[in-house]
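The values are calculated or read from the model by the stated rules, or taken from the named source; none is laboratory data. The structure displayed is predicted, hence computed values, not measured ones. Note that we place each Cβ from the backbone using ideal geometry, even for glycine, and neighbour counts take in every protein chain shown.
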Amino acid sequence: MNTVLRATDSAEFLALVPALAGFTPRQSIVLLPFQRSRAHGAMRIDLPHSDADLEHYVDTAIGLVSRVAGTDAVAVVVYTDEAPQQTPDGIVLPSRRRR
């Protein structure tokens, strides 16, 4: 039996992510593979460390999603304890990658 959860806007969708994952993620990226308008599960991976090989990290994330047959879209949700930073150009989301 399939459970159908409906979200009418992005805020409702984000509120559903913990239910799809089965817990509230922390310091993580959650990948939600979609087939048409339906999410088929949720995959959580730890946020990369500042010294991580980002190319390998992204390849791993894409590899996970590509295992779900029929995926035609992916939603990516980032959970972090870091606050966004205000800049003259607007808000910049936090990042572990330092220049």
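Residues to consider are ALA73, ALA83; find the one that is over 17 Å from LEU5 (Cα atoms) and in contact with a Phe, Trp or Tyr (Cβ under 6 Å, 6 or more places away or on another chain). It would help to see each step written out before you state the result.
Numbers: ALA83 fails: in contact with a Phe, Trp or Tyr (Cβ under 6 Å, 6 or more places away or on another chain).
Testing whether each residue is over 17 Å from LEU5 (Cα atoms) and in contact with a Phe, Trp or Tyr (Cβ under 6 Å, 6 or more places away or on another chain) leaves just ALA73.
Looking only at the range 18-66, which residues are exposed (fewer than 10 other Cβ atoms within 10 Å of the Cβ) and of a type in the set (D, E, K, R)?
Once the filter is applied, which keeps residues that are exposed (fewer than 10 other Cβ atoms within 10 Å of the Cβ) and of a type in the set (D, E, K, R), the range 18-66 yields ARG36, ASP51, GLU55.
Considering the range 12-65 alone, what residues qualify as being assigned to a helix (DSSP H, G or I), within 20 Å of ASP81 (Cβ to Cβ) and without any contact (Cβ under 8 Å) to a residue 40 or more places away in the chain?
ALA15, PRO18, ALA21, TYR57 - these are the residues of the range 12-65 that are assigned to a helix (DSSP H, G or I), within 20 Å of ASP81 (Cβ to Cβ) and without any contact (Cβ under 8 Å) to a residue 40 or more places away in the chain.
From the list GLU82, GLU12, exactly one residue is at pLDDT 85 or above, more than 12 Å from the chain's Cα centre (by Cα) and of a type in the set (D, E, K, R). Which is it?
On the way: GLU82 fails: at pLDDT 85 or above.
Criteria check complete, one pass: GLU12.
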